[in-house]
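Participant: If you scroll down you'll find the structure; I have some questions about it.
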Amino acid sequence: MKKVNIWLSDLTHTAQGISAATFPLGVSFVYSYAKKVFGKEFNFDLFKFPSHLDQALSKQLPTVLSFSNYSWNFELAYKFASLVKQSNPNVITIFGGPNFPTVTDEMLDFLKERPNIDFYIELEGEIGFSNLIKKLAEYNFNATKLKENGENLVNTTYIYQDHLIHGPKERIKDVNIIPSPYLTGVLDKF
């Protein structure tokens, strides 16, 4: 059986040079933790530059495509999510990061206005993302079936039939559970 491709990204604008000339550190911690949890069960990849993601998408679409969401890269990430959903609505799109409302009504409005976001991970992404991937695997990566069951997932928010499903919050109590993305080689290509 073919392995599931799970791609993570922290896109930066590149039209007038590289806007964020930094390592995609936040998302690389999420990636490192997911690799620790799942081992070789899935194919993971990490993207920073839009041209690299675009090139990879022209060859194949992943099962899961996730994006870091900051005020400076949201529109770029959402454009990619929208284009991917046009090509295949079954690609699961996950966003996470600080550029998300903290008030329940605003969360609902945010997600209703952006139907190409399937799930939003709040707070630290490591636990929420890996928990969501586990649950998606249980549903054979069918996001609709997961949503139909109204699963309350840790640090995860989504809408189903105009209702906000808002999972419990869990903070990381020991940062040592997250492998270093530098030592594991996750950031080598950057």
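The values are calculated or read from the model by the stated rules, or taken from the named source; none is laboratory data. These figures come from a predicted structure and were not determined experimentally. When we count neighbours, we look across all protein chains shown, and the Cβ atoms used for this are built from the backbone with ideal geometry, even at glycine. The accessibility values were calculated without ligands, DNA or RNA, using every heavy atom of the protein model including side chains. Shrake-Rupley method; radii C 1.70, N 1.55, O 1.52, S 1.80 Å.
Participant: Please find, within segment 141-178, the residue that is least open to solvent (accessible area, probe 1.4 Å) out of those that are hydrophobic (A, V, I, L, M, F, W, C) and part of a loop (DSSP other than H, G, I, E, B).
Facilitator: Selected residue: Leu153.
Participant: Could you pull out the residue among Ile94, Ile127, Ile121, Ile117 that is modelled with pLDDT of 95 or more and either farther than 17 Å from Ser82 by Cβ or more than 16 Å from the chain's Cα centre (by Cα) (or both)?
Facilitator: One residue alone meets the criteria, Ile121.
Participant: Looking at segment 92-119 only, could you name the residues that are buried (at least 17 other Cβ atoms within 10 Å of the Cβ) and polar (S, T, N, Q)?
Facilitator: Listed by number, the residues that qualify are Thr93, Asn116.
Participant: Kindly evaluate Asn99 against the criterion of being over 18 Å from Ala81 (Cβ atoms), at pLDDT below 95 and polar (S, T, N, Q).
Facilitator: Here the answer is no, as Asn99 does not meet what is asked.
Participant: Residue by residue through segment 43-53, note down the ones that are open to solvent by 60 Å² or more (accessible area, probe 1.4 Å) and touching a residue at least 24 places away in the same chain (Cβ under 8 Å).
Facilitator: Of everything in segment 43-53, those that are open to solvent by 60 Å² or more (accessible area, probe 1.4 Å) and touching a residue at least 24 places away in the same chain (Cβ under 8 Å) turn out to be Asn43, Ser51.
Participant: Turning to a different aspect of this structure: Please verify whether segment 70-91 includes one or more residues that are part of a strand (DSSP E or B), buried (at least 20 other Cβ atoms within 10 Å of the Cβ) and touching a helix residue (DSSP H, G or I) at 6+ places or on another chain (Cβ under 6 Å).
Facilitator: No, segment 70-91 contains no residue that is part of a strand (DSSP E or B), buried (at least 20 other Cβ atoms within 10 Å of the Cβ) and touching a helix residue (DSSP H, G or I) at 6+ places or on another chain (Cβ under 6 Å).
Participant: Tell me whether segment 124-138 contains one or more residues that are in a loop (DSSP other than H, G, I, E, B) and open to solvent by 80 Å² or more (accessible area, probe 1.4 Å).
Facilitator: No, the conditions are met nowhere in segment 124-138.
Participant: If you take the residues in segment 139-190 that are over 24 Å from Phe47 (Cα atoms) and among the aliphatic types (A, V, I, L, M), which one is modelled with the lowest pLDDT?
Facilitator: Ile172
Participant: Confirm whether Gln16 is modelled with pLDDT of 90 or more and more than 16 Å from the chain's Cα centre (by Cα).
Facilitator: Spelling it out, it is not the case that Gln16 is modelled with pLDDT of 90 or more and more than 16 Å from the chain's Cα centre (by Cα).
Participant: Related question: Consider segment 62-74. How many of its residues are in contact with a strand residue (DSSP E or B) (Cβ under 9 Å, 6 or more places away or on another chain) and at pLDDT below 95?
Facilitator: Total meeting the criteria: 5.
Participant: Quick check on Thr22: is it modelled with pLDDT of 90 or more and on the phi < 0 side of the Ramachandran plot?
Facilitator: Answer is no for this residue.
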